[in-house]
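Since the structure comes first, as structure tokens, the remarks are kept for the end.
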Amino acid sequence: MTPKDMVSGVKKLAADWAYDVVSIGYPGPVLRGKPIAEPYNLARGWVGFDFARAFRRPVKVVNDATMQALGSYRGGNMLFLGLGTGLGSTMIVDGIIAPMELGHLPYKKSTYEDYVGRAGLERHGKAKWRRHVADVVTRLIAALAPDESVIGGGNAGKLAALPPRTRAGDNADALRGGFLLWQETKPRNATRPKRRP
């Protein structure tokens, strides 16, 4: 799918809707509201595409995992991991959104994404994939020390059980995140209490 195909499809689906703004969850890295790399699983042409002009409305573009993370957020420090084509990741620290590309970090003979993304599921089978997911999630929670962790994405439902210290996200959280992008909010708990030695 090209960005023009996406815009055309969305306009057809929303032809009888009244809307003022558009939120896009993009399957790749985004910097300052613009895709900075072509997506792995879509056609080319996304980098530099003028979404606001195509929709004739204001548009906010964020990474797709970031959009679902925002909709999942309840406060404090939250790690969101999206199991899908790859491994989407976002950390929200006291209301400050930090999109990450943790899936590209080295793991075993390749990267986290190669073991817990769709290719890993297909290559290793469901049982081994689940063990890799549990290991990767445990490692990332240990490294980042979030207050809570959310597992979402299209393949989260393929887990027999959630890894320890996690809760399930829902794809509907991405819709909520899309709405929240347009709300003017201030971060909660902007100053952290000092830790005792």
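The values are calculated or read from the model by the stated rules, or taken from the named source; none is laboratory data. Computed from a predicted model, the values in this text were never measured in an experiment. Counting neighbours? That spans all protein chains shown, and the Cβs are built from the backbone with ideal geometry, glycine included. Just the protein is used for accessible areas: all its heavy atoms, side chains included, with ligands, DNA and RNA removed. Shrake-Rupley method; radii C 1.70, N 1.55, O 1.52, S 1.80 Å.
For residue 107, which sequence-distant residues (separation of 5 or more, or a different chain) have an amide H within less than 5 Å of its own amide H, given hydrogens modelled in the peptide plane?
It is 112, by chain and number.
Run lengths n ≥ 4 of DSSP H only: what is the helix-derived mean residue ellipticity at 222 nm for the chain, with -39500 (n - 2.57) per run over all residues, to the nearest 500?
-9500 deg cm²/dmol
(i) 50, 45, 27; (ii) 55, 34, 32; (iii) 59, 42, 35: which one is Cα extents along the principal axes in Å as calculated from this entry?
It is the value labelled (i).
Residue-wise, which Karplus ³J(HN,Hα) couplings in Hz belong to region 66-79, taking 6.51 cos²θ - 1.76 cosθ + 1.60, θ = phi - 60°, and x for glycine or proline?
Running phi through 6.51 cos²θ - 1.76 cosθ + 1.60 with θ = phi - 60° gives 5, 5, 5, 4, 4, x, 8, 5, 10, x, x, 10, 10, 9 Hz.
For region 1-105, state which trypsin sites (Lys or Arg not before Pro) are in a DSSP loop and have at most 11 other beta carbons lying within 10 Å of their beta carbon.
Taking region 1-105 and a limit of 11 other Cβ atoms within 10 Å, the loop trypsin sites (Lys or Arg not before Pro) found are 32, 44, 56, 74.
Considering Cα pairs under 8 angstrom that are at least six residues apart, work out the relative contact order of region 113-163 and quote it in whole percent.
36 percent
At a Förster distance of 30 Å, what's the computed FRET efficiency of residue 16 paired with residue 74, Cβ-Cβ distance as r, to 0.05?
0.30
If I take every Cα pair under 8 Å that is 6 or more residues apart in the chain, average their sequence separation and divide by the length, what percent do I get for the relative contact order?
Value for the chain: 21 percent.
Using a 7 Å offset from Cα along Cα-Cβ at residue 52, what residues in region 8-31 end up with backbone N under 20 Å from the label point?
8, 11, 19-26, 30-31
I'd like the distance separating the alpha-carbon centroids of region 71-96 and region 8-26, in whole Å.
Computed from Cα coordinates, the inter-centre distance equals 25 Å.
Quick check: the angle from helix 126-144's long axis to the longest principal axis of the chain, C-alpha only, nearest 10 degrees?
That helix lies at roughly 90 degrees to the long axis.
Suppose all protein chains stay in the model; what accessible area per residue would a 1.4 Å probe give for the chain, in Å²?
Each residue of the chain exposes 60 Å² on average to a 1.4 Å probe.
With θ set to phi - 60° and the Karplus curve 6.51 cos²θ - 1.76 cosθ + 1.60, what are the ³J(HN,Hα) couplings of region 50-61 in order, to the nearest whole Hz, using x for Gly and Pro?
Working through the residues one at a time gives 8, 5, 4, 5, 5, 8, 6, 8, x, 10, 10, 10 Hz.
Over region 127-184, with every protein chain in place, what whole percent of the accessible area is carbon and sulfur at 1.4 Å, could you tell me?
55 percent
Lysine pairs in the chain 8 or more apart or on different chains: how many have alpha carbons under 25 angstrom apart?
Step by step, the pairs that qualify in the chain add up to 19.
Would you mind pulling out the separation of the Cα centroids of region 28-47 and region 133-153, in Å?
25 Å
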